[in-house]
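The values are calculated or read from the model by the stated rules, or taken from the named source; none is laboratory data. This is a predicted model, so every value here is computed, not measured. Please note: Cβ atoms are built from the backbone with ideal geometry, for glycine as well, and neighbour counts cover all protein chains shown. Surface accessibility is based on the protein's heavy atoms, side chains included, excluding ligands, DNA and RNA. Shrake-Rupley method; radii C 1.70, N 1.55, O 1.52, S 1.80 Å.
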Amino acid sequence: MSRNEQFFERAQRSIPGGVNSPVRAFRSVGGTPRFIARAQGPHFWDADGKRYIDYIGSWGPMIVGHTHPDVVAAMQAAIANGISFGAPTEAEVEMAETLLALAPSMQQVRLVSSGTEAAMSAIRLARGAAGDGKGRRRIVKFEGCYHGHADSLLVKAGSGALTFGHPSSAGVPAEITQHTIVLDYNDAQQLEDAFKRHGDDIAGVIVEPVAGNMNLVRAAPEFLRSMRALCTRHGALLIFDEVMSGFRVALGGAQALYGIDPDLTVLGKVIGGGMPVAAFGGKRAVMKHLAPLGPVYQAGTLSGNPVAVACGLATLRLIQQPGFYERLGAQTAKLVQGLADAARAAGVPFCADAVGGMFGLYFAATVPTCYAQVMATDKARFNAFFHAMLDRGVYLAPSAFEAGFVSAAHDDAVIDATVAAAYAAFRGLRNSGGGAGTNQP
Ligand SMILES: *Cc1c(COP(=O)(O)O)cnc(C)c1O
């Protein structure tokens, strides 16, 4: 039995499913999760000493690569001064100032510890601040977008557009999700209809402006423009959940890429550089409703933790170096082009897309634009490809419905090695007739 298998067996006795977040369990692709022992640059090593090129980057945060010396040094310096105070620090102020400078739609920002917490707090703030502070109940979200695991956001569409959402998790009462309207991504007409029916009670519209939790799906510019106009017209707050896209698709996030000015922005992942830092921020007129200034309550014992903030600040310094996003985007484009060429050479129906340092792989003829199209891609073929790549030392997201991430440490040699592995992996899919992958529930 390999050490990965031993650890997994042991883990399942003490931790539900053996993991502390479900996608890590490899349930969708089957097989044994790799227990990671250490990481460096674009690589990590599992418990059996096998090296992988890492394309999840802790699901986005590791944009400068693993254990970057500047980041490690900044954290060591911070630790030596104390691990947590529960009182304000100068570094938190610098962090806030840096975020406001990079995402100027925000005039004030509050730090929290996870993307879930940030999105949940942004929703509460929107509900409390909307309608000139009188409050509104309803929230609009889009199918396939993930905003963390707060009750009111664990919602799937009901049957037929414009019905109210149903809980997508046990333990969430329908009374809570009945205030969440779930619409199709990239469908501006549905949004317009929702505002026609409920406009005076919609507190906010929350969206991933580049979706990364149903694989990668770009928003059409017109979709986001209509959303902005409808929110303004009806007095609802536009909330960009940029936990994944922030400082990932561009310096300044998707709002910079699309030129859209949201009322509230939710951040996480990259801003912590791998430590638990997230944030939500927006216009001063909205943020003033937050405690201790206003009546919308929100708090956190470890919010703005000095070691975590040191990690985030060091990462944000590195990504502001000239040419960082040009290089990151070029390497990511080179990767997806190489993968698409390899698939074509093997005659496997496949396409890929990339935005900045984020990419999507689809076993489909065309790039999906909504959740239903992502669901229609060939999952069995993806699973076979995933395992063929994993065997060859390339660690992709263990699900056909997740995006991938490239870091600044993914140099030409690493991309070339990935593409070479893909040629062999795609050829294997063709030989096996495709569609016959490991596909456990
Ligand atoms: C990851 C993610 C979250 C949740 O963040 P956590 O830190 O995992 O709680 C929320 N929204 C989006 C868009 C995300 O990608």
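Considering every alpha-carbon pair of the chain, the percent of pairs per 10 Å bin, from zero through the bin containing the longest distance, is 5, 21, 31, 27, 14, 3, 0. Count Lys and Arg as plus one, Asp and Glu as minus one, and take only other residues whose Cβ is under 10 Å from that of Ala372; the net charge is then -2. At an R0 of 25 angstrom, the distance between the Cβ atoms of Ala37 and Thr301 translates into a FRET efficiency of 0.25.
With N as its number of residues, the stretch 69-319 has a Cα radius of gyration that, divided by 2.2 N^0.38 Å, comes to 0.99.
May I ask you to give the solvent-accessible area per residue for the chain, in square angstrom, as obtained with a 1.4 angstrom probe? About 41 Å² of surface per residue is accessible. The H on the amide N of Phe35, modeled in the peptide plane, is under 5 Å from the matching H of Ala47, each at least 5 residues off or on a different chain.
Tell me the carbon and sulfur percent of the accessible area for the chain, rounded to whole percent, probe radius 1.4 Å.
53
In the stretch 166-226, the C-alpha radius of gyration followed by the widest Cα-Cα span (Dmax) gives 13.2, 37 angstrom. Only beta bridges with both residues in the chain are counted; by DSSP, about 60 percent of them are antiparallel. With contacts taken as Cα pairs under 8 Å at a separation of at least 6 residues, the chain carries a relative contact order of 21 percent.
When peptides 85-98, 106-119 are ranked by their average number of other Cβ atoms within 10 Å per residue, the highest-first order is 106-119, 85-98. Size of the stretch 258-348 from its Cα atoms: along the principal axes, largest to smallest, the extents are 60, 30, 28 Å.
For the stretch 63-204, what relative contact order do you get, as a whole percent, if you take Cα pairs closer than 8 Å and at least 6 residues apart? Each step should come with its number before you reach the end.
Working: 158 pairs, mean separation 28.5, N = 142.
Value for the stretch 63-204: 20 percent.
Note the angle between two axes, namely the Cα long axis of helix 90-102 and the longest principal axis of the Cα atoms of the chain, as a number of degrees from 0 to 90, rounded to the nearest 10. Taking Cα atoms only, the helix is inclined about 90 degrees. Summary value for the stretch 69-319: 28 percent relative contact order, contacts being C-alpha pairs under 8 angstrom separated by 6+ residues.
A cut-off under 14 angstrom between Cβ atoms defines the neighbours of Ala250, and their net charge, with Lys, Arg +1 and Asp, Glu -1, is +1. For Tyr52, the shell of other residues with beta-carbons less than 9 Å away shows a net charge of +1, using +1 for Lys and Arg and -1 for Asp and Glu. The rule of thumb for compact globular proteins, 2.2 N^0.38 Å, goes into the C-alpha radius of gyration of the stretch 68-215 1.28 times.
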